[in-house]
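Laboratory data are not the source of any read-out in this text; all were calculated from the coordinates shown. Values in this document were obtained by computation on a predicted structure and should not be read as measured data. Using ideal geometry, Cβ is built from the backbone for each residue, glycine included, and neighbour counts are taken over all protein chains shown.
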Amino acid sequence: MRWGLGRERYRVAPGVYAVGTPNDRSPVLISANYKMSFDILRRSLDGLDAWILAIDTKGINVWCAAGKGTFSTREIVHRVKSCALERTVSHRTLIVPQLGAPGVAAQQVKHDCGFSVVYGPVRAMDLKAFLAADMHATAHMRQVTFSTLDRLVLTPVELTSMLKPALWATLALFIGGGIGPDLFSFATAWNRGTVALGSLLSGIIAGAVAVPVLLPWIPGRAFAFKGALFGLLVSLLMLTGIGTSSSLPENLALLLALPAVSSYCAMNFTGSTTFTSPSGVEKEMRYAIPGQLAALLLAGACWIGAAF
């Protein structure tokens, strides 16, 4: 799942699940039906007796589902009623993960199904302490963190998402690499295409792995800018290694294309972060994507022109 393979099918059936041997007084915790979210919650409750009410978020995790509208007041109310939860527990309290709060109106849940909402901690690992403290969260439990390890864990799925575009780009690079005075040469396509592919992969790794890991230390606020800046650094280092073996148009193509690819990949990471908002992402894309496309087109013209 960390590589994003089959995530759309990685879900559990909505409904009530038992952890340990719960009774009618055991707490009820709301979860998304994305199986990774469900399993992490279940693992964090090891040794406790509790109920998990998995609502139908279409297999999306809690935070993303809250933003998309599937982790919602309506779905919680519907699932409470359809599962007849009032027959399972004698209390009327639901523990909703804090990151699901944007999609849940506590007063409306209370009004529609009779259950009160208590917002639990950000991290499932804090649930035992939260429950032991009579459902009182500390400031630490309420704080969203995004450490280097947190960012690194997310990079494999970023690489996977780039796989299909990279395959099409590879085909285009080998075709474009063979264009020259003799119309087309397979030998030239292999030689120039291999070099260009190395630049493409360097841009993807720079934007999808290096930028997320180094995110707080790269200057700038916009992810597209951070990616372009780091990509430019990588391209300059590559030019230092190439020396005089490449022509000026080829060097210019590298200086344009690699930062553009890195910028796009870094911008794509905004959907995984706590550093921005949906409106911020939309604003960034409006000005970044045209610039990235222009840089790639100009780079392509310089690179193909260098063959003549």
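Things worth noting here:
- The relative contact order of the chain comes to 13 percent, based on Cα pairs under 8 Å that sit 6 or more residues apart.
- DSSP beta bridges confined to the chain are antiparallel in about 45 percent of cases.
- For the stretch 7-142, the tally of Lys pairs with Cα-Cα distances below 21 Å comes to 6, considering only residues 8 or more apart or on different chains.
- With Cα atoms, 0 to 90° folded angle of helix 35-44 axis to the chain main axis: 50 degrees
- Over the chain, equivalent-ellipsoid semi-axes from the Cα gyration tensor in Å: 50, 18, 16
- Diffusion constant of the stretch 7-142 at 37 °C, which comes from Stokes-Einstein with the Kirkwood Cα-pair radius and 0.692 mPa s, µm²/s: 225 µm²/s
- Within the chain, helix-based [θ] at 222 nm, where runs of 4 or more DSSP H residues each add -39,500 (n - 2.57), nearest 500: -17000 deg cm²/dmol
- Alpha-carbon centroids, the stretch 178-249 and the stretch 31-50: separation in whole Å: 43 Å
- What the Cβ-Cβ distance of residue 275 and residue 188 gives, at R0 = 45 Å and to the nearest 0.05, is a FRET efficiency of 0.55.
- Farthest towards the positive end of the charge dipole of the chain, among the residues 132, 265, 209, is the Cα of 132, using unit charges on the Cβ of Lys, Arg, Asp and Glu.
- Residues in the stretch 167-181 reached by a label modelled at residue 197 [backbone nitrogen below 12 Å; 7 Å Cα→Cβ]: 167-175
- Rounded to the nearest 5, the antiparallel percentage of DSSP beta bridges internal to the stretch 7-142 is 40%.
- Selected from 76, 27, 118, residue furthest toward positive end of dipole (the stretch 7-142; charges at beta carbon): 76
- Pair residue 21, residue 286: separation of 7 Å Cα→Cβ label points (nm): 6.1 nm
- Between 0 and 90°, nearest 10: helix 163-177 axis offset from the chain longest Cα axis: 10 degrees
- Top positive-direction residue, dipole computed over the stretch 7-142 with Cβ charges, set 62, 105, 51: 62
- Residues residue 134 and residue 107, FRET efficiency given R0 of 25 Å [Cβ-Cβ distance, rounded to 0.05]: 0.70
- By the compact-protein rule of thumb, 2.2 N^0.38 Å, the alpha-carbon radius of gyration of the stretch 67-122 corresponds to a ratio of 1.06.
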